[in-house]
1. Between residues in segment 349-360 that are within 18 Å of G376 (Cβ to Cβ) and residues that are of a type in the set (V, I, T), which pairs lie under 9 Å by C-beta distance while being six or more apart or on different chains?
2. Identify the residue in segment 88-109 that is of a type outside the set (A, V, I, L, M) and more than 23 Å from N348 (Cβ to Cβ) and, among all such residues, is nearest to the ligand (Cβ to nearest atom).
3. Collect the residues in segment 121-157 that are in a loop (DSSP other than H, G, I, E, B), within 16 Å of the ligand (Cβ to nearest atom) and open to solvent by less than 40 Å² (accessible area, probe 1.4 Å), keeping them in residue-number order.
4. On the given criteria, is V181 under 15 Å from the mean Cα position of the chain (by Cα) and either outside the structural domain of H305 (by TED's automatic domain parsing) or under 26 Å from H115 (Cβ atoms) (or both)?
5. State which residue is nearest to the ligand (Cβ to nearest atom) when the search covers only segment 158-178 and only residues that are under 18 Å from the mean Cα position of the chain (by Cα) and either open to solvent by 40 Å² or more (accessible area, probe 1.4 Å) or among the charged types (D, E, K, R) (or both).
6. Quick check, is A96 under 18 Å from I233 (Cα atoms), at pLDDT 95 or above, of a type outside the set (K, R) and buried (at least 24 other Cβ atoms within 10 Å of the Cβ)?
7. Return the residue satisfying two criteria in turn: it lies in segment 210-234 and is within 12 Å of the ligand (Cβ to nearest atom), hydrophobic (A, V, I, L, M, F, W, C) and part of a loop (DSSP other than H, G, I, E, B), and of such residues it is nearest to A352 (Cα to Cα).
8. Given the criterion among the small types (G, A, S), open to solvent by less than 10 Å² (accessible area, probe 1.4 Å), in contact (Cβ under 8 Å) with a residue 12 or more places away in the chain and more than 13 Å from the ligand (Cβ to nearest atom), identify the matching residue among A182, A112.
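The values are calculated or read from the model by the stated rules, or taken from the named source; none is laboratory data. Not measured: the values here are computed from a predicted model. Ideal geometry is used to build each Cβ from the backbone, glycine not excepted, and the neighbour counts take in all protein chains shown. Just so you know, the surface numbers come from the protein's heavy atoms only, side chains and all, with ligands and any DNA or RNA stripped out. Shrake-Rupley method; radii C 1.70, N 1.55, O 1.52, S 1.80 Å.
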Amino acid sequence: MSSAENTPPKSAKPMHKLRAATRLVHGGTMRSQFGETSEAMFLTQGYVYPDMEAAEARFKGESPGFIYSRFSNPTVAMFEERMALLEGAEAARATASGMAAVTAVMLGQLKAGDHVVAAKALFGSCRYIVEELLPRFGVPSTLVDGTDLDQWRAAMQPNTKVCFLESPTNPQLEIIDIAAVAEIAHAGGANLVVDNVFATPLLQSPLEMGADCVVYSTTKHIDGQGRCLGGVILASNEFIQTHVHNFLRQTGPALSPFNAWVMLKGLETLPVRLRQQQSNAIAVADYLASRPEIARVLYPTRKDHPQYELAMRQMTGGGSVLAFDVTGGKEGAFAFANALQVIKISNNLGDAKSLITHPATTTHQRIGPEARAESGIGDGMLRLSCGLEDVEDLLDDVKAGCDAVR
Ligand SMILES: *Cc1c(COP(=O)(O)O)cnc(C)c1O
């Protein structure tokens, strides 16, 4: 890495003073001796040293540089730096998937005898970690209705080490008061971890609201075009060094440099994509709310959202995902989705392609009818992740969906 030509003049603004969209294009870039415009993809496992003394110094941590790509890699490091600049975090570590990030953050902080409090409305695999995996290693958990602060308070125990939540939640798009839960966690000596996938780093900043750590599945909006899996963990230097750094190095859920490169390029277009996807989501939500076949539309920044005020306080936009209840239960929802042409049936989200899913029979099938009813996931509910298509085509599509419901 040659850094000389990349060092900005002394008078230049430091990268963190530049605005988000600018940081997303330029942040973290390290140029090789060839001065390439676009970040290079370093598909290498290892690194060579000029002499034995250099190898010794690097292993001792006395001189900077790369040692092995399970630990770090230039392309992955560029992605991590760009993410840290975007989130306003001191440090970032990339992982092979969103679930690798969640697992590492949990196992890295916890030991037998500790306790976890988590919101019930978690991504399915996150619920598995909290409800099934951690208890096997002596870490019991209490699940609460995340929107009820009294339940968080009541669930705290002297040995509670981690509180964990997602907001907006999947698929009901409930909003959890991040600042309030952070206060409860800290009062009890616990850390708050927030899975910020639905909001993206552009619409909500959990670290500023008191969270200790933010995790993403970068598989979603950060790739944004449905290609690669990835994850990232963001926190203070101290948090990363204490809980995450060594765990990741020794257990090896490293992000591939290829996927890091895809994510790095994805970040450059994130603000433009998200703006369009959000505007498509708002237009589709407005249309659906006008149709008698749709009993309820859930979108965080709509005035009829049950937590509209909290959403407006902690988010700068409602994002690209909405949920709605079709009349006629499962039959109505299936008729709606089967009538779509442009919007594809898929359980993924955050893609350039609009994707629709029926949570009750797919992502939330496993939790059973009682847990679904308790969480407000009805048989008529559909979750729609809006993509980058022309909004008129999306509106024509959902109109056909409504017309197909009888
Ligand atoms: C997709 C997703 C995950 C898991 O991410 P992967 O990259 O699929 O491992 C975790 N949390 C939320 C909210 C997600 O949407």
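1. Between residues of segment 349-360 that are within 18 Å of G376 (Cβ to Cβ) and residues that are of a type in the set (V, I, T), the close pairs are T357/I345; T357/T363; H358/I345; P359/I377; A360/I377.
2. At the first step, the residues of segment 88-109 found to be of a type outside the set (A, V, I, L, M) are 88, 90, 93, 95, 97-98, 103, 108-109.
With more than 23 Å from N348 (Cβ to Cβ) added as a condition, the list becomes 88, 90, 93, 108-109.
Details: G88: 20, E90: 23, R93: 15, G108: 17, Q109: 17 Å.
Looking at residues that are of a type outside the set (A, V, I, L, M) and more than 23 Å from N348 (Cβ to Cβ), I get R93.
3. Looking only at segment 121-157, we keep the residues that are in a loop (DSSP other than H, G, I, E, B), and these are 121-123, 137-140, 145-148, 156-157.
Going one step further and asking which of them are within 16 Å of the ligand (Cβ to nearest atom), we end up with 121-123, 146.
Selection gives A121, L122, G146.
4. Numbers: under 15 Å from the mean Cα position of the chain (by Cα): no; either outside the structural domain of H305 (by TED's automatic domain parsing) or under 26 Å from H115 (Cβ atoms) (or both): yes.
For V181, the condition - under 15 Å from the mean Cα position of the chain (by Cα) and either outside the structural domain of H305 (by TED's automatic domain parsing) or under 26 Å from H115 (Cβ atoms) (or both) - is not met.
5. E166
6. Details: under 18 Å from I233 (Cα atoms): yes; at pLDDT 95 or above: yes; of a type outside the set (K, R): yes; buried (at least 24 other Cβ atoms within 10 Å of the Cβ): no.
No, not satisfied.
7. Residue satisfying both the conditions and the ranking: I222.
8. A182
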